[in-house]
Amino acid sequence: MEQIIFDELIELLKKTEPSKDVPVSAIIVDENKKIVAKGWNTRNKEQNISCHAEINAINSAIKKMKTLKLNKCKIVITMEPCEMCYGAIKQAHIKKIDYILTNQKYGFSSAYSINDILLSFKQCSTKIQQKIYQQILDNFFQKLR
């Protein structure tokens, strides 16, 4: 994962702190590697179950690009998307998903067979990037306890 995108994802996580939302962020990048839209988890803040980082980023990109088809974009996420977000990514025609950490509990790849996966989907981070994000998640969940 490009360091500039990783740094931006980590910076966006700060926006989840005031509302105690799980720190997840997403960035949509166009074919020229330009950031089109950003999103972060706002479920608690908005009291809306669908306000995941991926969906917030997709909605922002749709509004900015004035199209429902984001087929020339990829989405980069701090965590593997859940089934709901995977569905939204497919509906937006995004063809590539890159993420930092797998999501053992809610990640979509555990719910689908490999034949169901229609997108380029890969964990694309370095071990250092994974460790940094894992520490942020661990700190968040420790504070909740």
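Elements of the type helices (runs of 4 or more DSSP H) sitting completely within the range 1-84 and holding at least 2 residues that are among the β-branched types (Val, Ile, Thr): these cover 3-12, 53-65.
Quick check on my filter: what residues within the range 57-84 are hydrophobic (A, V, I, L, M, F, W, C) and either in contact with a Lys or Arg (Cβ under 6 Å, 6 or more places away or on another chain) or modelled with pLDDT of 95 or more (or both)?
Kept after step one, since they are hydrophobic (A, V, I, L, M, F, W, C), are these residues of the range 57-84: 57-58, 61-62, 65, 68, 70, 73, 75-77, 79, 82, 84.
Within the range 57-84, Ala57, Ile58, Ala61, Ile62, Met65, Leu68, Leu70, Cys73, Ile75, Val76, Ile77 qualify.
Just name the residue that is nearest to Glu11 (Cα to Cα) out of those in the range 89-108 that are crowded, with 20+ Cβ neighbours inside 10 Å and out of contact with any Phe, Trp or Tyr (no Cβ under 7 Å at 6 or more places or on another chain). Only one residue fits best here, namely Tyr99. Cβ separations smaller than 6 Å between residues 6+ apart or across chains give the following pairs from the range 25-45 residues that are in contact (Cβ under 8 Å) with a residue 24 or more places away in the chain and within 14 Å of Cys85 (Cα to Cα) to residues that are outside any loop (DSSP other than H, G, I, E, B) and aromatic (Phe, Trp, Tyr): Ser25/Trp40. For the range 46-55, the set of residues classified as polar (S, T, N, Q) and farther than 15 Å from Glu83 by Cβ consists of Gln47, Asn48, listed by residue number. Here Asn56 meets the list (1) surrounded by fewer than 19 Cβ atoms within 10 Å (Cβ to Cβ); (2) in contact with a strand residue (DSSP E or B) (Cβ under 7 Å, 6 or more places away or on another chain) almost entirely, failing just condition (1).
The values are calculated or read from the model by the stated rules, or taken from the named source; none is laboratory data. Note that the coordinates shown come from a computational prediction; the quantities given were computed from them, not determined experimentally. Here the Cβ is made from the backbone with ideal geometry for all residues, glycine too, and neighbour counts use every protein chain on show.
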